[in-house]
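The structure appears below as structure tokens.
The values are calculated or read from the model by the stated rules, or taken from the named source; none is laboratory data. Predicted model, so just to flag it, every value in this text is computed and none were measured. Glycine gets a Cβ as well: all are built from the backbone with ideal geometry, and neighbour counts include every protein chain shown. Just the protein is used for accessible areas: all its heavy atoms, side chains included, with ligands, DNA and RNA removed. Shrake-Rupley method; radii C 1.70, N 1.55, O 1.52, S 1.80 Å.
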Amino acid sequence: MAGRALRPVGEMAAAARRITSDSLESRLPNPNPHDELGQLATVLNDTLHRLESSFDALKRFTADASHELRTPLTALRSVGEAALREARSPEELRETIGSMLEEAQRLHDLADTLLLLARAGSGRMPLQRETFSLEALVTDVCERLEVLASEKNQRIEITSAPGIFLNADPVLLRQAVTNLLHNAIRYSPADSLIRVVTGKRGGDVSMEIIDQGPGIPEEHRQKIFDRFHRIDKARSRADGGTGLGLALAKLFVEQHHGRIELDCPASGGSTFRILLPP
Ligand code: ADP
């Protein structure tokens, strides 16, 4: 009797023993999901499903990161090889070295951002909270990026509700706002207006970056915050993008229990909105 009653436990244990990181798609047998043992098998199978999804995401990320690191490395090598093959004047060689250094810088930035994402994602970057004025933070970011906007003859207009103070990590929030504003500058046309609006929205503190760029097509809106997801890879790379800016901004905002929303009105452009609990 006891042996028969315990047989399903033995079968579950044997199935569990066979599962490794290469066979996370396997599930434990569950002949009767309604008894206690069946409920345990359901819980364990749900856990396996979550593990499988995490492993898949990790594999995808590793593959994407390797690919992204390989692109500047390939460019570095082919530029160097071409320069070695052909006789070149000192000016031409200087130009070659310049473009090799640019690629090296890109590799460096990419590695830095990947490390930052890994550290922040694993919770090894505790928030260093301070109380500061939102208006001061936003003005500071706009002033820093003004030079990039002016290269495209774009105007940044700030509309800031005064007297809003945040108790948050100023470094991480500054980085999040910087990434959104940098994108607005990067992807909007020359001579356009970029508006930065801060205020309160439904009890949250809000920061909006509103541009007159191409907007985000419907089919990309869900995935645009995923690591390395870009609408136009070539354009992003040519403009110095890594495909990690939005993922990083989202992570930093979520560490503050906030969220980022995206609106693309029919009239055109994108609005990225950071919402933080007060
Ligand atoms: P990247 O380094 O490529 O800019 P991001 O994660 O910051 O990476 O952005 C991902 C992609 O989202 C970009 O490659 C671009 O296609 C799109 N994108 C981001 N911001 C905007 C914007 N303001 N307007 C139009 N497209 C944008």
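Taking interchain pairs and intrachain pairs at least six residues apart, which have beta carbon atoms under 6 angstrom, with the first residue in segment 188-216 and more than 21 Å from SER133 (Cα to Cα) and the second acidic (Asp, Glu) and surrounded by 15 or more Cβ atoms within 10 Å (Cβ to Cβ)?
Between residues of segment 188-216 that are more than 21 Å from SER133 (Cα to Cα) and residues that are acidic (Asp, Glu) and surrounded by 15 or more Cβ atoms within 10 Å (Cβ to Cβ), the close pairs are SER188/ASP211; ILE194/ASP211.
Which condition breaks for GLY121 when tested against (1) in contact with a Lys or Arg (Cβ under 7 Å, 6 or more places away or on another chain); (2) within 19 Å of LEU246 (Cβ to Cβ)?
For GLY121, the exception is condition (1).
Could you list all residues from segment 170-191 that are in a loop (DSSP other than H, G, I, E, B) and either in contact with a Phe, Trp or Tyr (Cβ under 8 Å, 6 or more places away or on another chain) or open to solvent by 10 Å² or more (accessible area, probe 1.4 Å) (or both)?
PRO189, ALA190, ASP191
Step by step: first the residues of segment 260-270, then only those that are in contact with a strand residue (DSSP E or B) (Cβ under 9 Å, 6 or more places away or on another chain), within 11 Å of the ligand (Cβ to nearest atom) and assigned to a loop (DSSP other than H, G, I, E, B), then the one that is modelled with the lowest pLDDT. Which residue is that?
Checking each candidate, the answer is CYS264.
For segment 192-222: of the residues being assigned to a strand (DSSP E or B) and either acidic (Asp, Glu) or near the ligand (Cβ under 10 Å from one of its atoms) (or both), which is modelled with the lowest pLDDT?
Here the answer is ASP204.
How many residues does segment 80-113 hold that are open to solvent by 40 Å² or more (accessible area, probe 1.4 Å), among the hydrophobic types (A, V, I, L, M, F, W, C) and over 30 Å from LEU172 (Cβ atoms)?
Residues that pass the stated criteria total 5.
I'm trying to understand the selection: among the residues of segment 151-164, which are at pLDDT 95 or above and open to solvent by 70 Å² or more (accessible area, probe 1.4 Å)?
Within segment 151-164, GLU151, ASN153, ARG155 meet the criteria.
Can you tell which of THR62, THR74 is at pLDDT 90 or above and open to solvent by less than 100 Å² (accessible area, probe 1.4 Å)?
It is THR74.
Let me spell it out: the conditions are (1) touching a Phe, Trp or Tyr at 6+ places or on another chain (Cβ under 9 Å); (2) in the same structural domain as ASP64 (by TED's automatic domain parsing), and ASP112 meets all of them except one. Which number is the exception?
(1)
Per-residue answers, yes or no, for (1) at pLDDT below 95; (2) part of a loop (DSSP other than H, G, I, E, B); (3) under 23 Å from GLY241 (Cβ atoms); (4) aliphatic (A, V, I, L, M):
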residue	(1), (2), (3), (4)
GLU103	yes, no, yes, no
LEU127	yes, yes, no, yes
GLU146	no, no, yes, no
ALA149	no, no, yes, yes
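Please count how many residues of segment 223-259 are open to solvent by 10 Å² or more (accessible area, probe 1.4 Å), more than 15 Å from LEU114 (Cα to Cα) and part of a helix (DSSP H, G or I).
Final tally of qualifying residues: 7.
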